[in-house]
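Shown next, in structure tokens, is the structure this report addresses.
The values are calculated or read from the model by the stated rules, or taken from the named source; none is laboratory data. Bear in mind the structure is a predicted one, so any value in this text is a computation, not a measurement. Please note: Cβ atoms are built from the backbone with ideal geometry, for glycine as well, and neighbour counts cover all protein chains shown. Please note that ligands, DNA and RNA were not included when accessible areas were found on the heavy atoms of the full protein model with its side chains. Shrake-Rupley method; radii C 1.70, N 1.55, O 1.52, S 1.80 Å.
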Amino acid sequence: MKTKLFYLISLITCSVVAQNSLLIPPVLSGTDFQLNLQNGQFEFFGGHNTATMGVNGNILGPTLIMNTGESVNIHVTNNLGQPTTIHWHGMHISAANDGGPHTVIQPGTTWHPQFTVLNRASTVWYHPHLDEYTDEHVSKGIAGMIIIHDTHELNSGLPIDYGVDDFPLVVQTKEFDSNYQILNHTNHDDVLMVNATINPFLEVPAQIVRLRLLNGSSQRVFNFGFDNNRTFYQIATDGGLLDMPQAMNRLPLSPGERAEILIDLNNMQGQTLYLMSYASELGNGIFGSAAPGMNPNMPLNNYNPNALNGTDFTILQLNVTAPTSNPVTTIPNSFEPIPPLLENNANQHRDFLLRPVSMGFNQLNGDFTINGVSFDMNTINVTIPLNNTEVWTITNNSAISHPFHVHDIVFQILSINGNSNIPDYAKGWQDTFLVPAGGGSIKIIAKFEDFSDDTIPYMYHCHMLNHEDGGMMGAFTVVDTSNHIIDLKSEQAVVYPNPVQTVYATIQLQNPDEMITAYTIIDELGKIVAHHKVHTNELSNLYSFPVFELANGNYTIKIYTDRQIIIKSFIKN
Ligand code: C2O
Ligand code: CU
Ligand code: CU
């Protein structure tokens with residue numbers, strides 16, 4: 001067992017009054033963004049250097065400010081000396097721009113995503129997503145916020161002045177070893193930080209102040225609230241503004257989730273308040289409660305001791321200063337209505353079952369599965385027709401709650417544990433939501449529109465990064481079946497014999513001047529079973545490809561030519 005820093009830290013928090021001024025990440029705005037992923041050193045603890053990873057700096061990344069409708073160019077240069085990816089968590093963009101595990105940025109290279117911002121005004125974020133290395137790269141420091149503005153939001157009377165009345169709060173817990181170095185794939189995350197600042201304070205003006213909360217922790221759920229049970233107003237979930245501000249005094253957020261809240265500090269100059277996590281109120285089965293595991297007397301292995309588990313702790317001290325010259329002093333009454341997606345309009349229902357490979361006291365540590373299988377880079381688990389509205393029921397057969405995240409879309413929650421009477425904080429657009437432990441479930445609805453790609457998948461996964469890296473992730477493609485039907489009837493190519501029983505089959509293009517450059521064979525489950533590039537001295541309108549290794553069944557073949565992609569099907573029997 002490693003020596004724990006935790007005892008040292010609790011001594012510091014108890015005996016030293018001095019606090020650290022909250023770091024506010026710098027802003028990049030406009031339509032061209034240069035992001036440089038780099039290794040660095042950061043002094044979390046006075047006098048001690050910690051090895052970190054950051055974007056354009058030693059820790060975290062700049063806040064990117066974008067506007068709905070603009071098209072943006074991003075250059076991500078990887079100077080980490082090892083492969084990684086950058087995923088835009090919460091952005092509705094094509095799979096090729098999404099930055100999932102299939103879009104690796106090799107060391108020394110630059111990735112150049114380009115897209116139009118389609119999201120409504122919201123708080124989203126970016127982080128690495130390399131298969132099995134997400135936790136390491138995020139824990140070491142790569143994470144940044146993206147603030148999206150739109151005209152409705154800019155005209156709604158909300159605070160929008162970054163770092164003045166509108167603050168980013170990246171809330172994380174990490175574990176350090178006795179040499180002050182960050183560990184990953186661990187459950188002993190006992191050091192709390194906001195924007196990489198331990199024990200932080202922030203000066204806020206005596207007016208309406210907007211806080212953008214991001215739970216950027218690898219595993220821990222926070223139960224946000226203020227001291228003295230102060231009322232605050234949630235205005236946004238993952239996917240942007242609610243239809244109206246919701247007054248509340250507790251707001252749980254699981255890893256990956258965001259929320260925007262307003263606090264009313266009118267006439268409070270000179271006072272101090274505390275943003276807290278009331279983790280003592282978290283139910284059993286939640287990472288952050290006294291004991292995950294359904295029975296408080298039977299905590300899971302490697303969970304305790306941890307000073308943050310099941311206790312109420314301060315996240316950020318807020319010192320109220322003089323109001324600004326043009327303060328926002330009232331909370332808007334309402335925003336745009338959110339049109340409900342109706343279960344009756346769904347084209348498809350699907351079920352997902354979250355489970356560790358081995359149950360029992362070791363289940364915090366994986367491996368993990370969804371529908372009985374662990375993540376595989378070469379498997380597409382689900383194929384979704386473009387423009388489908390789908391209802392997904394996610395069931396959790398384990399003693400710990402898992403935050404379920406879906407790329408590409410935002411969803412609405414239809415029910416939690418079968419109950420359609422859901423809490424206020426769950427009533428907006430989400431891209432991540434906690435699935436209760438012990439056989440609990442959530443039912444969600446979403447529309448998969450705008451983007452399709454036959455081969456590059458999006459991900460759905462548990463956003464506890466240890467679980468994601470440990471296999472609790474699946475891949476889905478969104479495919480444009482209307483194109484396929486046309487393509488399948490395409491007269492521009494034939495595949496013969498069909499059905500095929502021989503060792504080879506042949507592709508022939510009708511145009512004798514067109515050349516076959518590559519082909520991909522996809523089975524009925526959407527799995528790519530063969531991909532071959534035609535050698536330059538074999539380029540022709542005719543190509544014979546081997547089929548003897550294919551199991552009997554129906555296949556789709558994607559034929560790449562020097563001028564187009566043609567999709568055909570054939571049967572092997
Ligand atoms: Cu924030 Cu697939 O992740
Ligand atoms: Cu994501
Ligand atoms: Cu999980």
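Structure notes:
- Per residue, segment 343-479 exposes 33 Å² of accessible surface when a 1.4 Å probe is rolled over the protein heavy atoms with every protein chain present.
- Gain in span if fully extended, Met359 to Glu538, counting 0.36 nm per residue against the direct Cα distance: 59.1 nm
- With the alpha-carbon atoms of segment 485-572 aligned to their principal axes, the span from lowest to highest coordinate is 33, 29, 22 Å, starting with the largest.
- Using alpha-carbon coordinates, inclination of helix 6-15 to the longest axis of the chain, degrees: 30
- Distance distribution P(r), segment 116-185, all Cα-Cα pairs, bin width 5 angstrom from 0: 3, 13, 18, 17, 14, 12, 10, 7, 4, 1, 0 percent.
- Remark: for residue pairs Lys174/Lys447; Lys443/Lys533; Lys443/Lys558; Lys533/Lys572; Lys447/Lys558, the C-alpha separation exceeds 31 Å in Lys174/Lys447; Lys443/Lys533; Lys443/Lys558.
- Mean residue ellipticity (222 nm) of the chain, computed from DSSP H runs ≥ 4 via -39,500 (n - 2.57), nearest 500: -1500 deg cm²/dmol
- Loop-exposed GluC sites (Glu not before Pro) per DSSP, neighbour cap 13 Cβ within 10 angstrom, longest uninterrupted part of the chain: 71-490
- Evaluated with a Cβ-only charge set (Lys, Arg +1; Asp, Glu -1), the chain carries a dipole of roughly 760 debye about its Cα centre, given to the nearest 20.
- Derived from the Cα gyration tensor, the three semi-axes of the equivalent ellipsoid of segment 407-561 are 43, 17, 14 Å, largest first.
- Residues whose amide H falls under 5 Å from that of Ala505, counting only those 5 or more places apart or on a different chain, are Phe545, Val547, with hydrogens built in the peptide plane.
- Computed from phi, the 3J(HN,Hα) profile of segment 224-235 under the Karplus parametrisation 6.51, -1.76, 1.60 (θ = phi - 60°) reads 5, x, 10, 4, 6, 6, 3, 6, 10, 10, 6, 10 Hz, with x in place of Gly and Pro.
- Distances between placed amide hydrogens fall under 5 Å for Asp312 paired with Ala279, Ser280, all partners being 5 or more residues away or on another chain.
- J(HN,Hα) series, segment 491-504, from Karplus relation 6.51 cos²θ - 1.76 cosθ + 1.60, nearest Hz, glycine and proline x: 8, 7, 8, 10, 10, 9, x, 8, x, 10, 10, 8, 7, 10
- The shape of segment 343-479 comes out oblate: with a ≥ b ≥ c from the C-alpha gyration tensor, a/c is at least 1.5 while a/b does not beat b/c.
- Taking one quarter of the surface of the C-alpha convex hull of the chain gives a mean projected area of 28.0 nm².
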